[in-house]
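The values are calculated or read from the model by the stated rules, or taken from the named source; none is laboratory data. No experiment lies behind these values; they were computed from the predicted model shown. Glycine also receives a Cβ, built like all others from the backbone with ideal geometry; neighbour counts cover every protein chain displayed. Heads up: the accessible areas ignore ligands, DNA and RNA and are worked out on the full protein's heavy atoms, side chains in. Shrake-Rupley method; radii C 1.70, N 1.55, O 1.52, S 1.80 Å.
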Amino acid sequence: MKKIFLILVFLVSGFAAAQDNPFKQLDFLIGHWQGTGSGFGNETSVIRSEFNRIMNNTFIEVKNDSKFKPTDNNPEGEHHTDWGMLSFDKSRKKIIFRQFNNEGFVNQYILVDSLSNDTTLVFLTESIENFMPGGKARWIINRKSENTIETLFDVSFPGKEYTCFGTNQLSKK
């Protein structure tokens, strides 16, 4: 009887510990990243990204800052910033990413478990503020190694397939 009780305690405590970190599959992202990007209507960019646990590990704050080199079409270059929060929706048992961009877009993504695995995270928008009705976005994070990731940002216009708007190659600092 004592043995069965100990097994039950172990199983319950293991289950509770797993529930304490709904972001386990995102743990590798925590920290500061830097690298280069391409696309987004420009040739190249320098990017800095941060993923930080905040508020007693209840959320993950995400900050991105990209500076694009000048081009013939944009002689001053471009500066993109976005800020967001990853949260865990307990009722849906899903990770949600709310992202605010300096261009005025507000994206709400959901992490799609059926498309994600240990090395690839796929986020699809549930809604986009200030974008054309019916438009969608996809954010993919590919884990290349312990200290390198690749991110892809894809957009789909109404009735069209996704098109890659840009990629970033980042290394952990």
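Values computed for the structure shown
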item: Boolean, F105 is in contact with a Gly (Cβ under 6 Å, 6 or more places away or on another chain) and either modelled with pLDDT of 95 or more or of a type in the set (S, T, Y) (or both); result: no
item: Subset of the stretch 44-72 (residues that are surrounded by fewer than 14 Cβ atoms within 10 Å (Cβ to Cβ), over 20 Å from I141 (Cα atoms) and not aliphatic (A, V, I, L, M)); result: N56, N57, T58, K69, P70, D72
item: In the stretch 73-102, the residues that are surrounded by 11 or more Cβ atoms within 10 Å (Cβ to Cβ), over 17 Å from the mean Cα position of the chain (by Cα) and charged (D, E, K, R); result: E78
item: Members of the stretch 24-43 found to be part of a loop (DSSP other than H, G, I, E, B) and surrounded by 16 or more Cβ atoms within 10 Å (Cβ to Cβ), listed by number; result: F40
item: Selection from the stretch 23-38 of residues that are polar (S, T, N, Q) and under 15 Å from S87 (Cβ atoms); result: Q25
item: Residue in the stretch 83-96 that is of a type in the set (V, I, T) and in contact (Cβ under 8 Å) with a residue 60 or more places away in the chain present; result: yes
item: Residues located in the stretch 55-82, provided they are in contact (Cβ under 8 Å) with a residue 24 or more places away in the chain and part of a strand (DSSP E or B); result: F59, I60, E61, V62, S66, F68, E78, H80
item: Total residues in the stretch 108-117, condition assigned to a loop (DSSP other than H, G, I, E, B) and either open to solvent by 60 Å² or more (accessible area, probe 1.4 Å) or basic (K, R) (or both); result: 1
